[in-house]
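The values are calculated or read from the model by the stated rules, or taken from the named source; none is laboratory data. Bear in mind the structure is a predicted one, so any value in this text is a computation, not a measurement. Cβ: placed from backbone, ideal geometry, glycine included. Neighbour counts: every protein chain shown.
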Amino acid sequence: MPRIRFRLNGAETTVDADPDRSLLDILRGQLGITGPHFGCGANECGACNVIVGDHAVAACDTPLWSVADKNITTIEGLGSPQRPHPLQRAFIAEQALQCGYCVSGVLMSAAALLMRNPNPTGEDVKAALDRNLCRCGSHNRMVRAVLHAAAEMQAR
Amino acid sequence: MTRPAPSSAPKLPVSLAANPMLSSWVRFSPEGHVMVFPGKVEIGQGIVTALAQIAADELDVDIGRVQMVRASTAGSPNEGITSGSLSVQQSGRAIRHACAQIRRIFLDAASDRLGVGIDALDVEDGTISGPGNVSTSYWELAAEVSLDRDATPGATPKSSTQRTLAGKSIQRVDIPDKVFAHPRFIHDFALPGMLHGRVLRPELSAARLVTLSEDHARAVAGLVAIVRDGNFAGVVSETEDGAENALRALHKDAAWSSGETLPDEERLAEWLKAQPSEPTVIDTKTASGKRAKVRTIGRQYTRPYLAHASIAPSCAIAQWSGGCVHVWTHSQGVYFLRADLALVLKLPVENIIVEHMEGAGCYGHNAADDVALDAVLLAKAAGGRPVRVQWSRQDEMSHAPFGAAMAIEIEADLDAQGEIVEWRHRVWSNGHTARPGRAAQPALLAASELANPFPRYIATNPPQANGGGADRNSIPLYDFPSWEIECHRLLTMPIRTSALRTLGGQGNVFAIESFIDELATDRGEDPVALRLRHLSDSRAQDVIRSVARRANWKPDKQTGRGYGIGFARYKNTGAYCAVVAEVEGAEDVSVKRLTIAVDVGEAINPDGVINQIEGGAIQATSWVLKERVRFDRQRITSNSWASYPILRFSEVPEVQVELIPRPDSEPLGAGEAAHGPVTAAIANAVFDALGVRIRNLPITRDSLIAAMELAT
């Protein structure tokens, strides 16, 4: 098995696996990282989004070989209850979800947006989240939460 | 043995009457926690928080001490199913009553111990104290106070003004876990030694598995077993990746018979009306001294099959131990699922434990129960190890039950003034429930695939007294002088249907509220005024007046922009909801804003109610603008997000919700109140904007062009 290295949530990580396997399968099946969720397996729903470099990508549609030597951030690396990311704080404050299955992917898309554009408009947020599906209808709360997080980060 | 009929003495809430033992609802742990055991389950609606608020309020404990225990057939009260927007009514009332009685029981015990009269005692965060600095607590007393006793009627819960938590928008208890990705979902749960299973399902509807070559699948690394029983086949593997690869190999090496013929999706109404069906008169009302009819107007409305389309595919885990099986599931009804599993496995129910774990948002009877049986069948070949089974997106979109397509005809006889003299409403539809656990035969998918198959369960309708199914909301809330309401339940079911949010309510409210709008146009009357003068229920009038005020009904006419109203009281007994939709467009319609007024009685968690209404409104907008299960004559073809698109962030309307405060009225569920009114409001707004009446959902570019062509 080829050995592939990357940085996962800041930690040097090495896996021995078929390089054509999906990053999602490696994260969930081999590394026990369950924040990225399986939704469709076809890059159509965003539930498995993670950040590679500074872009949100669907881990289900990202082959392992393509992340060699890259920085990968999953929801687990975004923040913790002790040190929450402003997005996580804002999602709690806005109660911006119902079932929450899509939310780890939504948060990663939003975090990637704020890395590139720290001062987005509502339209920017909607565009950045447009590949993330939410079936419960929490969209408006999520957009508000992202805008609040952006404002908080700007104010710091 | 029958019990004597109850007198007019106070009665227990229905869930408590069915499960009277107080200790089955509430227990105190020595560490200072209150464990609450609801029979209802979290399906993304926030129910666990609302129930925790009720318990903390009645017991006077900090909500942080309340631990909500997931429902399990191993010990939870049997509250049937979490559906129909009834959880606050049923579980909430039971917990409120039980906690009020438990508080009183502990006050009695504290009074004995402290030698202080009950009236002098006070409870604060579980500490019971009296004059002279004497105190004890629930936790201290728990060892000597047995709650193994039945609830009795007559406990007095707090009045609305005494409550400090119920009625407040406290934050949901489950949201931090979900935002920090602490595993809560069954999908993220792992047991020691857990294996992974996948089930082979045909693309053709109801095809039989003719031949299956196992050689290639057997060669896949990690394979533990291939299971075959008639048309049911699946794989068990050490890894999820291995299970996927083995399933892929099986798919290549499987030969299926032709399946059964599906209807022509372009002629659904004709097909629905031509099928053998069971007619039922749902309601009739006869006027005394009927005014003479001068003319009759009739219209037909349809809605397509709709998919649940939850973001997660269904998932379950099962583990056998001897002749007993333990199942982890996101089913809406653990006891009902257990009953069906017992039928399929021919086991006594005592040999089966069904335990709830959260799944993704659940909007009705999806594949959660089906995948549980799949896991149970595959786990038989796992030598006592647990097996986790997850469906594919394709199977989720094509093999899970759908919300039933409906054809609805409404006719109104009008007098010389154009007033309604008689109203007739007829529905043709498959039944709207084929849930497990209700019948002598199982309703689980794999049960119909086994070598000794159970017949496919043809969906039925709940009785009107329980809200009805295809006929839900078919009886007008308007006081027309006479009516006749009829429902035709199909006796064939080539496309599998069962409960989807509102059952028939969305279709019937769409039809009634569109037709009312058509009558208003015909009379040249304002549609709000026409509704108000036919409603005598003041709560119904209030939501309509509130929404009209908030939306400045009716804003001036602008090109390409339209406004429409829709109203319903869900199930005619639940929440009241009125909606004004603002749409924009010409060939492509977008919904810009939904203004909503809702009356859910007492709102336990007002922000939770608003969240549910917003979500329902956005989901309904998705149904109306985008959704339709697609099929050719052999197979469901809308089996991906590309072929079954739902509303995206860029398409979501602004939603404003006004909650009418009714702290002293019985709480009513909020999850299904908005779908019907939103649907009708959008259709009416489209007519206002474009002068085109869409009577067949969804409202898409294609349906608009077709309707425009028909009109010219």
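Name the residues in region B:11-44 that are buried (at least 19 other Cβ atoms within 10 Å of the Cβ) and part of a helix (DSSP H, G or I), would you?
Our first condition is that a residue be buried (at least 19 other Cβ atoms within 10 Å of the Cβ); within region B:11-44, this holds for B:12-13, B:15-16, B:19, B:22, B:24-26, B:28, B:34, B:36-44.
B:Ser15, B:Leu16, B:Leu22, B:Ser24, listed by residue number.
Can you give me the number of residues within region B:520-538 that are out of contact with any helix residue (DSSP H, G or I) (no Cβ under 7 Å at 6 or more places or on another chain), in a helix (DSSP H, G or I) and of a type outside the set (D, E, K, R)?
3
Name every residue in region B:4-60 that is on the phi > 0 side of the Ramachandran plot and within 28 Å of the chain's Cα centre (by Cα), in order of residue number.
B:Gly44, B:Gly46
How about region B:594-637: which of its residues are among the hydroxyl-bearing types (Ser, Thr, Tyr), more than 10 Å from chain A (Cβ to nearest Cβ) and closer than 29 Å to B:Gly562 by Cβ?
Result: B:Thr595, single match.
Let's see how each residue does on (1) under 22 Å from B:Trp391 (Cβ atoms); (2) in a loop (DSSP other than H, G, I, E, B); (3) among the small types (Gly, Ala, Ser):
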position	(1), (2), (3)
A:Arg7	no, no, no
A:Thr13	no, no, no
A:Asp20	no, yes, no
A:Asp25	yes, no, no
A:Gly29	yes, no, yes
A:Pro36	yes, yes, no
A:Gly39	yes, yes, yes
A:Asn43	yes, yes, no
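Per-residue answers, yes or no, for (1) small (Gly, Ala, Ser); (2) free of Cβ contacts under 8 Å to residues at least 24 places away in the same chain; (3) closer than 26 Å to A:Cys102 by Cβ:
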residue	(1), (2), (3)
B:Ala292	yes, no, no
B:Arg295	no, no, no
B:Tyr305	no, no, yes
B:Ile311	no, no, yes
B:Ala342	yes, yes, no
B:Lys346	no, yes, no
B:Met357	no, no, yes
B:Asn366	no, no, yes
B:Ala375	yes, no, yes
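Say we look at region B:332-348 and pick out the residues that are buried (at least 23 other Cβ atoms within 10 Å of the Cβ) and out of contact with any strand residue (DSSP E or B) (no Cβ under 6 Å at 6 or more places or on another chain); which of these is farthest from the other protein chains (Cβ to nearest Cβ)?
B:Asp340
Need the failing condition index for A:Glu123 against (1) over 12 Å from the mean Cα position of the chain (by Cα); (2) more than 10 Å from chain B (Cβ to nearest Cβ); (3) not in a loop (DSSP other than H, G, I, E, B), just the number.
Every condition holds for A:Glu123 apart from (2).
If I go through region A:71-99 residue by residue, how many of them are crowded, with 16+ Cβ neighbours inside 10 Å and in a loop (DSSP other than H, G, I, E, B)?
Qualifying residue count, region A:71-99: 10.
Of everything in region B:77-115, what is small (Gly, Ala, Ser) and within 28 Å of B:Lys571 (Cα to Cα)? Give them in sequence order. Can you show your working first?
Taking region B:77-115 as the starting set, the residues that turn out to be small (Gly, Ala, Ser) are B:80, B:83-85, B:87, B:91-92, B:94, B:98, B:100, B:109-111, B:115.
Passing the criteria: B:Gly80, B:Ser83, B:Gly84, B:Ser85, B:Ser87, B:Ser91, B:Gly92, B:Ala94, B:Ala98.
Condition test on A:Ser109, is it under 20 Å from A:Ile33 (Cβ atoms), more than 13 Å from chain B (Cβ to nearest Cβ), in a helix (DSSP H, G or I) and of a type outside the set (A, V, I, L, M)?
no
Given the criteria among the hydrophobic types (A, V, I, L, M, F, W, C) and more than 30 Å from B:Arg630 (Cα to Cα), does B:Leu378 qualify? Spell out how you get there, then give the answer.
On the way: among the hydrophobic types (A, V, I, L, M, F, W, C): yes; more than 30 Å from B:Arg630 (Cα to Cα): yes.
Yes.
Among what's in region B:432-458 and is in contact with a Pro (Cβ under 9 Å, 6 or more places away or on another chain) and small (Gly, Ala, Ser), pick the residue that is nearest to B:Leu272 (Cα to Cα).
Within region B:432-458, the match that is nearest to B:Leu272 (Cα to Cα) is B:Ala434.
Can you give me the number of residues within region A:64-90 that are more than 13 Å from chain B (Cβ to nearest Cβ) and either out of contact with any helix residue (DSSP H, G or I) (no Cβ under 7 Å at 6 or more places or on another chain) or of a type in the set (Ser, Thr, Tyr) (or both)?
Looking only at that region, the number is 7.
Spot the failing condition for A:Ala93; the list is (1) within 25 Å of B:Ser310 (Cβ to Cβ); (2) at the interface with chain B (Cβ under 10 Å from one of its Cβ atoms); (3) touching a residue at least 12 places away in the same chain (Cβ under 8 Å), and only one is missed.
(1)
Have a look at B:Gln558, B:Gln541 and point out the one that is farther than 17 Å from B:Gln656 by Cβ, touching a helix residue (DSSP H, G or I) at 6+ places or on another chain (Cβ under 7 Å) and of a type in the set (S, T, N, Q).
B:Gln541
Conditions tested, residue by residue: (1) over 36 Å from the mean Cα position of the chain (by Cα); (2) at pLDDT 95 or above.
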residue: B:Gln89; (1), (2): no, no
residue: B:Ala100; (1), (2): no, yes
residue: B:Asp108; (1), (2): yes, yes
residue: B:Leu121; (1), (2): yes, yes
residue: B:Ser146; (1), (2): yes, yes
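Return a yes/no flag: does region B:400-415 have any residue that is aromatic (Phe, Trp, Tyr) and over 20 Å from the mean Cα position of the chain (by Cα).
No, region B:400-415 has no match at all.
Give region B:638-670 a look and list any residue that's within 14 Å of chain A (Cβ to nearest Cβ), over 30 Å from B:Gly259 (Cβ atoms), at pLDDT 95 or above and assigned to a loop (DSSP other than H, G, I, E, B), or say none.
The answer is B:Leu647, B:Arg648, B:Val652, B:Pro653.
For region B:549-597, what are the residues that are more than 25 Å from B:Gly467 (Cα to Cα) and of a type in the set (S, T, N, Q)?
B:Asn552, B:Gln558, B:Thr559, B:Ser590, B:Thr595
Please find, among A:Thr121, A:Thr62, the residue that is over 30 Å from B:Leu500 (Cβ atoms), among the β-branched types (Val, Ile, Thr) and outside the structural domain of A:Leu31 (by TED's automatic domain parsing). Don't jump to the end; show me each part of the working.
Working: A:Thr62 fails: outside the structural domain of A:Leu31 (by TED's automatic domain parsing).
Within the list A:Thr121, A:Thr62, the selection yields A:Thr121.
Pairs, please: C-beta under 8 Å, at least 6 apart or cross-chain, first residue more than 21 Å from B:Glu518 (Cα to Cα) and among the hydrophobic types (A, V, I, L, M, F, W, C) and in region B:548-576, second modelled with pLDDT under 95 and buried (at least 17 other Cβ atoms within 10 Å of the Cβ)?
Cβ pairs passing all conditions: B:Ala575/B:Ser85; B:Ala575/B:Leu668; B:Ala575/B:Gly669; B:Ala575/B:Ala670.
Can you tell me which residue is farthest from the other protein chains (Cβ to nearest Cβ) among those in region A:126-156 that are small (Gly, Ala, Ser) and surrounded by fewer than 22 Cβ atoms within 10 Å (Cβ to Cβ)?
It comes out as A:Ala155.
Within region B:300-331, take every residue that is polar (S, T, N, Q), surrounded by fewer than 24 Cβ atoms within 10 Å (Cβ to Cβ) and closer than 23 Å to B:Ile353 by Cα and give me the one that is nearest to the chain's Cα centre (by Cα).
For region B:300-331, the residue satisfying everything is B:Gln319.
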